[in-house]
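Okay, so here's the structure we're looking at.
The values are calculated or read from the model by the stated rules, or taken from the named source; none is laboratory data. Predicted model only: the values in this text are computed from it and were never measured. Because the Cβ atoms are built from the backbone with ideal geometry, glycine has one as well, and the counts that use them run over all protein chains shown.
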Amino acid sequence: MPVLSSPEGESVGRAVPARGFAQANALVRPRRVLVANGKGGCGKTTLAINIAGWFAASGRTTALLDYDPQGSSLQWLSQRKGGATIHGVAAARRASAAVTRTFLLRLPTGTERVVLDAPAGIRGVELVEMVREVDTIIIPVLPSPIDMHAAAKFIEELLLVGKVRQRSVRVGVVANRVGANAPMYESLERFLRSLSIPFVAKLQESGAYLEAAGGGLSLSEMSDVPAEDLYQWDALMRWIEEKSP
């Protein structure tokens, strides 16, 4: 069962002892993965929930922070009836006089992996603040000239404004919803090579994602998933987990 945080800071879906929460993990800082793109409609939330599901299924204590006002990641969690526990946080909620931002974003003690689902069109100060808090950034890109151009501009902003290199934040690009007749990514790949940014995986367009999401599951928690889909996900998760504690 998922564990969701209400605006008042109470847990919804399963009782969690008060001692299980902390503003920060005093022993080991959890590894944080941000899924973001400057353009909406790129499959960002699908990627975020599947990364979180993969972490949880592999035995990592996992939290999913939904910064998107639409709340799609938390909606997915609300459908989750099986699988390993994932702690959900409505990170798009604003603090108030009664509830501080730190309290809203608190994590259970012992959290090992945190996935951040960024709002669409993130940039500027909000982008800089998120980059400061993460170890890895995954950028999903759809196979269209418009989307690839938007991704290139977003990467430039990460480098110039977010200063990911100076902060030692790893950045990887994932081709999302790739169909059998999708155009090639040569121009984007050349751009990424010039910046030494890896093209980590190419995820095939598949109805399995919708089926999994409908039950609050990730692709890794489903049976009868095409081997090629799992192969690409294995490549992506191995890259994310490199140099992980």
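Kindly indicate which of Val115, Val89, Val169 is touching an Asp or Glu at 6+ places or on another chain (Cβ under 8 Å) and closer than 29 Å to Glu228 by Cα.
Values: Val115 fails: touching an Asp or Glu at 6+ places or on another chain (Cβ under 8 Å); Val89 fails: closer than 29 Å to Glu228 by Cα.
Going through Val115, Val89, Val169 in turn, just one is touching an Asp or Glu at 6+ places or on another chain (Cβ under 8 Å) and closer than 29 Å to Glu228 by Cα: Val169.
For Phe103, only one of the following conditions fails: (1) assigned to a loop (DSSP other than H, G, I, E, B); (2) more than 17 Å from Gly53 (Cβ to Cβ). What is its number? That leaves (1) as the condition not met.
Can we say Ala98 is farther than 30 Å from Arg190 by Cβ, exposed (fewer than 14 other Cβ atoms within 10 Å of the Cβ) and among the small types (Gly, Ala, Ser)? Explain how you work it out, then say what you get.
On the way: farther than 30 Å from Arg190 by Cβ: yes; exposed (fewer than 14 other Cβ atoms within 10 Å of the Cβ): yes; among the small types (Gly, Ala, Ser): yes.
Taking the combined requirement at face value, the residue satisfies it.
Each residue in the stretch 201-233 was checked for being over 27 Å from His87 (Cβ atoms) and not aromatic (Phe, Trp, Tyr), and 9 of them qualify. From the list Asp147, Asp135, the one residue that fits, being more than 23 Å from Gly41 (Cβ to Cβ) and not polar (S, T, N, Q), is Asp135.
So in the stretch 57-72, with the set limited to residues that are more than 18 Å from Trp233 (Cβ to Cβ) and among the polar types (S, T, N, Q), which one is surrounded by the most Cβ atoms within 10 Å (Cβ to Cβ)?
So, considering only residues that are more than 18 Å from Trp233 (Cβ to Cβ) and among the polar types (S, T, N, Q), the one surrounded by the most Cβ atoms within 10 Å (Cβ to Cβ) is Thr61.
Whether a residue is at pLDDT 80 or above, surrounded by fewer than 23 Cβ atoms within 10 Å (Cβ to Cβ) and over 23 Å from Gly215 (Cα atoms) was assessed, and Arg93 passes this test. Can Ile86 be described as touching a strand residue (DSSP E or B) at 6+ places or on another chain (Cβ under 6 Å) and at pLDDT 95 or above? Yes.
Considering each of Ala48, Ala95, Ala56, Ala91 in turn, give the residue that is part of a loop (DSSP other than H, G, I, E, B), out of contact with any His (no Cβ under 8 Å at 6 or more places or on another chain) and within 24 Å of Gly172 (Cβ to Cβ). Steps first, please.
Details: Ala48 fails: part of a loop (DSSP other than H, G, I, E, B); Ala95 fails: within 24 Å of Gly172 (Cβ to Cβ); Ala56 fails: part of a loop (DSSP other than H, G, I, E, B).
The conditions single out Ala91.
Assess whether Val131 counts as being at pLDDT 90 or above, part of a strand (DSSP E or B), of a type outside the set (Lys, Arg) and under 23 Å from Gly38 (Cα atoms). So Val131 fails the test.
Just one of the numbered conditions (1) farther than 21 Å from Ile138 by Cβ; (2) not in a loop (DSSP other than H, G, I, E, B) is not true of Lys81; which one? If we test Lys81 against (1) farther than 21 Å from Ile138 by Cβ; (2) not in a loop (DSSP other than H, G, I, E, B), just (2) comes out false. Please determine, by comparing only the residues of the stretch 29-41 that are assigned to a loop (DSSP other than H, G, I, E, B) and within 12 Å of Val173 (Cα to Cα), which one is modelled with the lowest pLDDT. Checked the stretch 29-41; the qualifying residue modelled with the lowest pLDDT is Asn37. Counting just the residues of the stretch 151-173 that are farther than 17 Å from Ser194 by Cα and among the hydrophobic types (A, V, I, L, M, F, W, C), which one comes out modelled with the lowest pLDDT? Step by step, filter the stretch 151-173, then rank; the result is Val161.
Considering only helices (runs of 4 or more DSSP H) fully contained in the stretch 138-245, which possess at least 3 residues that are farther than 20 Å from Asn37 by Cα and out of contact with any strand residue (DSSP E or B) (no Cβ under 7 Å at 6 or more places or on another chain)?
208-214, 227-241
Look at (1) closer than 18 Å to Val35 by Cα; (2) out of contact with any Lys or Arg (no Cβ under 7 Å at 6 or more places or on another chain); (3) among the β-branched types (Val, Ile, Thr); (4) touching a residue at least 60 places away in the same chain (Cβ under 8 Å) and you find that Thr102 fails only one, number (1).
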